[in-house]
1. Taking the simple approach of a point 7 Å from Cα along Cα-to-Cβ for both residue 88 and residue 30, what is their distance in nm?
2. To the nearest 0.05, what FRET efficiency results for residue 65 and residue 41 with a Förster distance of 25 Å applied to their C-beta separation?
3. So what's the back-of-envelope 222 nm ellipticity for the chain, counting only DSSP H runs of four-plus at -39500 (n - 2.57) apiece and dividing by all residues, rounded to 500?
4. Dividing the alpha-carbon Rg of the stretch 1-70 by 2.2 N^0.38 Å yields what?
5. Nearest 10 degrees is fine. How inclined is helix 80-107 to the longest principal axis of the chain, computing both from alpha carbons?
6. For the chain, just the Cα set please: Rg and Dmax, both in angstrom.
7. Which is the longest run of the chain containing none of the trypsin sites (Lys or Arg not before Pro) found in DSSP loop states (not H, G, I, E, B) with at most 12 other C-beta atoms within 10 Å?
8. To the nearest 10 degrees, how steeply does helix 44-56 sit against the main Cα axis of the chain, on a 0 to 90 scale?
Amino acid sequence: MSSSSSRTEQTFQILTALVDGPLHGYGIIQEVGRLSDGRTRLRVGTLYGALDRLSGEGLLVLDREETVSGRLRRYYRLTDAGAQVLAEDAERIARQAAVALERLKKRGAPRASLGGTA
């Protein structure tokens, strides 16, 4: 597996999108958009490159294939290793955010800048 420093926010969001169950490529693109409130828009080429890499790292697997309206849909599923990596990344990001927020509080940053936290 690669180190967490080589994973991107898009990778984090792809893994997060697959937590609830297998999705096909377009479903992943839609779920990442929803999870990011529209801030992240995955391109098809970016997605499939990431899916190939994440599959190679053992973080997700091809769950099944089906043909819909003459087009092949591949569904990907998060592996246990992928869930573990996602959990570690989420914890690391949460720790970094907590440090940043604490430092901003000490600086006297306005509340609105801290997302409403005191």
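None of the figures in this text is laboratory data; all of them are computed from the coordinates on show. Bear in mind the structure is a predicted one, so any value in this text is a computation, not a measurement. With ideal geometry, Cβ positions are generated from the backbone for all residues, glycine too; neighbour counts draw on all protein chains shown.
1. Spacing of the two 7 Å Cα→Cβ label points: 3.3 nm.
2. 0.50
3. The helix contribution divided over the chain gives -17000 deg cm²/dmol.
4. Rg over 2.2 N^0.38 Å, computed on Cα atoms: 1.09.
5. Roughly 20 degrees, rounded to the nearest 10.
6. For the chain, the Cα radius of gyration and maximum Cα-Cα distance read 17.0, 59 Å.
7. Looking at the chain, 44-118 is the longest stretch - no exposed trypsin sites (Lys or Arg not before Pro) with at most 12 other Cβ atoms within 10 Å.
8. Around 90 degrees separate the two axes.
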